[in-house]
Amino acid sequence: LAVLSTRGRARVPRMDAPVRLVSDRNQEKPPFVREDVAGRLWQVSGSGFWQVHPGAAQTLADAVLDTLEPRRGEIAIDLYCGAGLFAGVLGEHVGSDGLVVGIESDAQSVRDARFNLRDMPHVSVERGEVESVLDEIGFGRGKTRLNRADLIVLDPPRTGAGPDVVKRVAELAGRRIAYVSCDPATLARDLALFGEQGWTLSALRAFDAFPMTQHVELVATLVRG
């Protein structure tokens, strides 16, 4: 999986990510895929979303960690969290004294994420549209409620996040934002919106996750000021 980065020349990480397709004899239930990434076993239903390239999930998880540089005890939000990949790797790094909240609208993906992260009580997954859930939930520990998260990662669909989500994320994020995108045009639009809210693009990396096509995955690093 070739990596094109503003930080330096291309590099090629390992691609030995084992994938196992598991079928259920009960035809009413879809088959699911199990994959080993970041030292954990992930289960994704047949109707759910997972990266097609066998090395993409690990590579993007590493890129998000490089971007956010999570610290123990921090609060993080994973928007459009799918099966919980980024929420899981962030949960490992912020530790049990930290907090991670994933938000996802698809019911089956929420079930997958909750199953995958069931051993991490400091990581929760909320179901609903991102802009609605962000307005409904509070962040904090015990009686202390906070109106800011240290870190936010968002991996929206090809249509991007849009002005409402960008404004809410820009208000909530404290230290860094990682924006994972599969469409350069909508990413560029949303980065301009973040700029209007006082956030600066500090790094941009492109990943050739779809060889011999025009598609790329992008990870943008945003900082305040």
Among the residues in the range 173-188, are any crowded, with 16+ Cβ neighbours inside 10 Å and among the polar types (S, T, N, Q)?
yes
Exercise. Is at least one residue of the range 155-163 more than 17 Å from the chain's Cα centre (by Cα) and of a type outside the set (A, V, I, L, M, F, W, C)?
Worked result: yes
Counting only helices (runs of 4 or more DSSP H) wholly inside the range 105-217, the ones holding at least 1 residues that are closer than 25 Å to Asp66 by Cβ and β-branched (Val, Ile, Thr) are 130-136, 163-172, 184-196
Quick count over the range 134-147, residues being at pLDDT 85 or above and surrounded by fewer than 13 Cβ atoms within 10 Å (Cβ to Cβ), is 0
Among residues of the range 158-172 being small (Gly, Ala, Ser) and buried (at least 16 other Cβ atoms within 10 Å of the Cβ), the residue farthest from Leu99 (Cα to Cα) is Gly160
Note to self: I'd like to know if the range 87-103 contains one or more residues that are farther than 22 Å from Ala220 by Cβ, surrounded by 15 or more Cβ atoms within 10 Å (Cβ to Cβ), in contact with a helix residue (DSSP H, G or I) (Cβ under 8 Å, 6 or more places away or on another chain) and at pLDDT 90 or above.
What the structure shows: yes
Within the range 155-205, residues among the aromatic types (Phe, Trp, Tyr) and in contact with a Lys or Arg (Cβ under 8 Å, 6 or more places away or on another chain) come out as Trp199
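The values are calculated or read from the model by the stated rules, or taken from the named source; none is laboratory data. Treat the numbers as computed from the prediction; the structure is a model and nothing was measured. When we count neighbours, we look across all protein chains shown, and the Cβ atoms used for this are built from the backbone with ideal geometry, even at glycine.
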